[in-house]
Amino acid sequence: MDKRYRTPGRPSLGKEKKPSRHIISDNDIEIFLHDHPEINASEVFQDTIHSMMPHGPDEIRLEALNKRKSEIEIELNEIMPEIKRLKERISSQKRIKLEANLESDYEAWYLRSLVQSDIFRISEVVPLDIYSTIKRWIEEGKIKPHEIIEKEDEVFISNSATIFTRQKLIRLGCLKGMKVIPAKNKEHMSPMKEEFGVYGRYKISFDYELFEKDFFAGKISEDLPVQFLRHISQNI
């Protein structure tokens, strides 16, 4: 078979060959290139041809980058308002939290300063003499004589005692069943709760009952750190 008409075989599995071109130069060019080995004739050729092309690779790359830049700028313009809004919201939340913490710390600090000034005391309330009081009520007509029964050294209410009389004695802590008994002495903390708050003598709001409980338990002292009193000043 004639070699000119061979059937083509499988293509080569090697690297794809780049297109090549033979350039004919003259004697002057060859002498110049020989005297200047630093010049790469292939690069000079490629750069020259690219400069003659309507769109060289640099222009194509620049055009692609400018297009991408425009897309990024459009995207930034769309998200910048939300970024600004989120920054303002975060800043506002931080400011509110800081103000709340400062206010809480101030209340706790002021409460400790009151403790250190030794204004808090445990006072004892001595109840009235219930027997003398009952006699006075009978004289004043506030209760009827038949409501009270005296038996030896003890005093009782009768079955005909009114609900008003019963409730009055109960509120005073002077009634146990049907028997009238003296009320026990009571302890309370002073200053009273009414002396604190916006309209009180001491302009501070705190959990008075919780503070009083800790005070009676001996947990309150002038050496307490401000952090200990914070939960009392916050628990309002």
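Heavy-atom accessible surface of ASP207, to the nearest 10 Å², is about 30 Å², with a 1.4 Å probe and all protein chains retained. In whole Å, how far is the Cα centre of segment 145-164 from that of segment 182-203? Each part's Cα centre sits 34 Å from the other's.
Calculated FRET efficiency, LYS176 and ALA217, Cβ-Cβ r, R0 25 Å, to nearest 0.05? Numbers along the way, then the final one.
Values: r = 28 Å, r/R0 = 1.13.
After rounding, the FRET efficiency stands at 0.30.
Surface listing: MET189, MET80 arranged by accessible area from highest to lowest gives MET80, MET189, probe 1.4 Å.
The label point for ASN159 and the one for ASP129, both projected 7 Å from the Cα toward the Cβ, are 3.3 nm apart. Computed from label points 7 Å out along Cα-Cβ, the spacing between LYS144 and ILE23 is 13.5 nm. Extension gain for LYS87 to ILE39 (0.36 nm times residue separation, less C-alpha to C-alpha distance): 11.6 nm.
By its C-alpha gyration tensor, with a ≥ b ≥ c as the square roots of the eigenvalues, how is segment 93-236 shaped: rounded for a/c under 1.5, else prolate for a/b larger than b/c, else oblate? Judged from the Cα gyration tensor, segment 93-236 comes out prolate (a/c at least 1.5, a/b above b/c). Using 24 Å as the Cα-Cα cut-off, could you pick out the over-long pairs in LYS179/LYS213; LYS168/LYS203; LYS144/LYS168; LYS168/LYS219; LYS94/LYS213? Those over the limit are LYS179/LYS213; LYS168/LYS203; LYS168/LYS219; LYS94/LYS213. For segment 141-182, the equivalent ellipsoid built from the Cα gyration tensor has semi-axes of 14, 13, 8 Å, listed from largest to smallest.
Solvent-accessible area of ARG68, all protein chains in place: 120 Å² (probe radius 1.4 Å, heavy atoms, ligands and nucleic acids excluded).
Determine the gain in length on full extension of the stretch ASP105-LEU224; use 0.36 nm per residue of separation and subtract their C-alpha separation, reporting nm with one decimal. Kindly include the intermediate steps, with their values, before the conclusion.
Values: separation 119, 0.36 × 119 = 42.84 nm, distance 1.37 nm.
Difference between extended and current length: 41.5 nm.
The chymotrypsin sites (Phe, Trp or Tyr not before Pro) of segment 111-155 that DSSP puts in a loop, and whose beta carbon has at most 16 other beta carbons within 10 Å, are PHE120.
The values are calculated or read from the model by the stated rules, or taken from the named source; none is laboratory data. What you see is a predicted model; the values in this text were computed from it and never measured. Backbone-built Cβ (ideal geometry, glycine too); neighbour counts: all protein chains shown. What goes into the accessible areas is simple: the full protein's heavy atoms, side chains included, and nothing from ligands, DNA or RNA. Shrake-Rupley method; radii C 1.70, N 1.55, O 1.52, S 1.80 Å.
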